[in-house]
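Presented below is the structure to which this report refers.
No lab work stands behind these numbers, since they all come straight from the coordinates. For clarity, every value in this text was computed on a predicted model and none was experimentally measured. All Cβ positions, even for glycine, are placed from backbone atoms using ideal geometry, and neighbour counts span all protein chains on display.
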Amino acid sequence: MVSCAIFFHLTKLTKKGLNAVITYFMNGCSMNIGFYFFDKGLSGVDCSRPDLGNPGVGGTQYCFLLLIYYILRFDPKSYRVRVYCSSDCFFPQGVEKVLVEDIFEGLTESKRRGDDFIIIKDNKDQQLARFIDKLRHSIVIWGHNFYFGDYADWVAKSPSVIANVFVGRQQYDRYIDHPICDKSLFIYNMVPDVVGEKKRDNDGKTVVYLGALIPEKGFLVLAKMWKYILKKVPMARLQVIGGGNLYSRNCSLGRMGIADKLFEEEFFPYLSEEGELLPSVTFQGILGGEKYEVFLSSSVGVVNPSARTETFGMGAIEMNCAGLPVVTLGKNGYPDTIENGVTGYLCHSYKGIADKIVFLLTHDEVNERLGIQAKEQVSRFSPKNIMPLWFNLFEQIAQNKLIITYRRPDSHFFNNIKFVRILLRFLRKNCRLSFLPSLIKIETVIYTYLNKIMKK
């Protein structure tokens, strides 16, 4: 909780700090927090009760809704929340909604209305970066994606960016040899347990995929292995929850109405025979809280089996809430959310994923044990455990005294080759070899070069 008393302990006040003190007293010691909610194409979607489950929006959008909701639920007297958005969706009670054209107008309005700071999702737009630096409004970046070298450089250097919050340990560890680490911390995403004491009925045959049906979310990987799984377990069934329009209801879809036309054409041959969808496959579309009923009657959960772009993996925790073990690739953010052999399986190859799915479909005792353990583990991502970390950050910002402590990796050193990053950090920090590029800079150069070759 933000307390008025903290200001009496400040011995040196900047002009900005003095203005903050005045504002706090005038507002009854409340902090004004802005959020830019990237909601284009979500008009009419009811986002007022995210505590009841994801209403059918993207994982990052859901995270924003949860943070907004629990700020107001846990401490409505200390915080005022404004949400800047471009469509007319429904937000939690107590939110002041401000309609804006885009993020540029949202940031401008946030400063004009006197927000202490505004939280935005990471955005690689160079024009936006220049705009933020010129605007000189306090920004907290909530990084739900991996950053390239140039963007990480800007976040580290920009005086407007007062803090950078990563969503998990694995994501944070990727930047430990970069100056961005000096203003970065990680706070795990929260996931409320909306299932409660309901017990899962393992049917021994149902596999559930959860996620957007876009190339980045790895559904093609699962589609390619499905016929292999059917050969091993002929009674297997695949329930697909999600769609190509998860992030925007306005995007165009293909013939089947479930994904972009080109992507549909890419994965459909692996899920069909003679032009007809396999009877073992069902596309459920975008589901809200009702998806938990599917989880409760299933055997295995699958989330982004490519692990591409995954910094955390909200879907894995949502499935774990229902006591459903999850199988995916053991890289990027998934070691944060899935404990291998305890709450599911982290595999080293796509074939390994297929084999573990088959294993869990045919070994009921192991399936039940992992499901129970998965249910027990979700408490570490509960709002009551995560929100104090956010409130602590807000208090530090209020005092204009952000405390950032370097966290050395303690596990998964081969995930994103952390041992190299540790070495580079040591050489840069302890041996005064600051000219050495961070590994993320090296990766960016290689990635850019390979992209140029691919386009030729």
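For all pairs of alpha-carbon atoms in the stretch 293-339, what percent lies in each bin of width 10 Å, listed from the first bin to the last filled one?
The percentages, shortest bin first, are 31, 55, 14.
Just to confirm the filter: which trypsin sites (Lys or Arg not before Pro) across the stretch 184-293 are DSSP coil and have at most 15 other Cβ within 10 angstrom of their Cβ? Don't jump to the answer; show the numbers that get you there.
Details: sites: 198, 199, 200, 205, 217, 224, 227, 231, 232, 237, 249, 255, 261, 291; in loops: 198, 199, 200, 205, 249, 255.
Answer by residue number: 198, 199, 255.
Which of rounded, prolate, oblate describes the stretch 264-330, given a ≥ b ≥ c as roots of the alpha-carbon gyration tensor eigenvalues and a/c under 1.5 marking rounded, otherwise prolate only if a/b is larger than b/c?
Numbers: a/c = 2.17, a/b = 1.41, b/c = 1.54.
Judged from the Cα gyration tensor, the stretch 264-330 comes out oblate (a/c at least 1.5, b/c at or above a/b).
If the chain between residue 198 and residue 248 were fully stretched, how many nm would it gain, using 0.36 nm times the residue separation less the Cα-Cα distance? Don't skip to the end; give the middle numbers.
Numbers: separation 50, 0.36 × 50 = 18.00 nm, distance 3.18 nm.
Length gained between residue 198 and residue 248: 14.8 nm.
Taking the convex hull of the alpha carbon atoms in the stretch 157-209, what volume per residue do you get, in Å³?
Details: hull volume 7.6 nm³, N = 53.
Here the figure is 144 Å³ per residue.
Ignoring the sites themselves, what is the longest stretch of the chain with no GluC sites (Glu not before Pro) in a DSSP loop and at most 14 other beta-carbon atoms within 10 Å?
Formally, the longest exposed-site-free interval is 291-456.
Considering only the chain, what is the antiparallel percent among its DSSP beta bridges, to the nearest 5?
Working: 2 of 47 bridges.
Counting only bridges with both partners in the chain, antiparallel ones make up about 5 percent.
What percent do you get for the relative contact order of the chain when only Cα pairs under 8 Å and 6+ apart count?
Numbers: 848 pairs, mean separation 72.2, N = 456.
Taking the mean separation of contacting Cα pairs over the length of the chain, I get 16 percent.
With 10 angstrom as the radius, rank 321, 431 by how many other C-beta atoms surround their C-beta, starting from the fewest.
Details: 321 23, 431 9.
Ascending Cβ contact count within 10 Å gives the list 431, 321.
What do you get for the angle between helix 418-430 and the principal long axis of the chain? Use alpha-carbon atoms, 0 to 90 degrees, nearest ten.
Orientation of helix 418-430: about 20 degrees from the principal axis.
Compute the long axis of helix 219-232 from its Cα atoms, compare it with the longest principal axis of the Cα atoms of the chain, and write down the angle in degrees, 0 to 90, nearest 10.
So the helix axis and the longest Cα principal axis differ by about 30 degrees.
Summing -39500 (n - 2.57) over the DSSP H runs of n ≥ 4 in the chain and dividing by its residue number, what mean residue ellipticity at 222 nm do you reach, to the nearest 500 deg cm²/dmol?
On the way: 16 runs with 174 residues, N = 456.
For the chain, the value works out to -11500 deg cm²/dmol.
Just to confirm the number: angle between the C-alpha axis of helix 383-398 and the first principal axis of the chain, 0 to 90 degrees, nearest 10?
30 degrees
Pulled fully out, how much extra length does the chain show between residue 382 and residue 431, if you take 0.36 nm times their separation in residues and subtract their Cα-Cα distance? List each step's numbers first, then the result.
Details: separation 49, 0.36 × 49 = 17.64 nm, distance 4.11 nm.
Here the answer is 13.5 nm.
What is the mean projected area of the alpha carbon convex hull for the stretch 25-145, to one decimal in square nanometres?
Numbers: hull surface 29.6 nm².
In nm², the orientation-averaged hull projection of the stretch 25-145 is 7.4.
Starting from the Cα gyration tensor of the chain, multiply each eigenvalue by 5, take the square root, and state the resulting semi-axes largest first in whole Å.
Working: eigenvalues 293, 131, 97 Å².
Whole-Å semi-axes of the equivalent ellipsoid: 38, 26, 22.
Taking a threshold of 32 Å on the Cα-Cα distance, which of the pairs 121/227; 40/291; 183/384 fall above it?
On the way: 121/227 38 Å; 40/291 23 Å; 183/384 25 Å.
Pairs exceeding the cut-off: 121/227.
In Å and on Cα atoms, what radius of gyration and Dmax does the stretch 347-390 show?
So, for the stretch 347-390, Rg and Dmax equal 15.1, 42 Å respectively.
Given C-alpha coordinates of the stretch 115-239, what is the ratio Rg to Rh with the Kirkwood estimate of Rh?
On the way: Rg = 20.7 Å, Rh = 18.1 Å.
Checking Rg against Rh, the ratio lands at 1.15.
Convert 20 °C to kelvin, take the viscosity as 1.002 mPa s, use the Kirkwood radius over C-alpha pairs of the stretch 386-435 as Rh, and evaluate the Stokes-Einstein diffusion coefficient in µm²/s, rounded to a whole number.
Values: Rh = 13.5 Å.
Approximately 159 µm²/s, per Stokes-Einstein.
Using θ = phi - 60° and the Karplus relation 6.51 cos²θ - 1.76 cosθ + 1.60, list the HN-Hα couplings for the stretch 311-318 in order, rounded to whole Hz, with x at every Gly or Pro.
Listing the rounded values in order: 9, 9, x, 4, x, 4, 5, 4 Hz.
If we count every other residue with Cβ under 14 angstrom of residue 414's Cβ, Lys/Arg +1 and Asp/Glu -1, where does the sum land? Provide the component values of the computation, followed by the final result.
Working: positive: 174, 331, 418, 421; negative: 173, 410.
Taking every Cβ under 14 Å from that of residue 414, the sum is +2.
Once the convex hull of the alpha carbons of the stretch 206-381 is built, what does its volume come to per residue, in cubic angstrom? Numbers along the way, then the final one.
Numbers: hull volume 18.4 nm³, N = 176.
Spread over its residues, the Cα hull of the stretch 206-381 gives 104 Å³ apiece.
Suppose we take every Cα in the stretch 330-420 and form the convex hull; what volume per residue is that in Å³?
Working: hull volume 10.3 nm³, N = 91.
Cα-based convex hull of the stretch 330-420, divided per residue, equals 114 Å³.
Rank these for me by crowding, 348, 144, 363, 412, going from fewest to most other beta carbons within 10 Å. Before the final figure, lay out each step's value.
On the way: 348 10, 144 24, 363 13, 412 17.
Sorted ascending by nearby Cβ count, the order is 348, 363, 412, 144.
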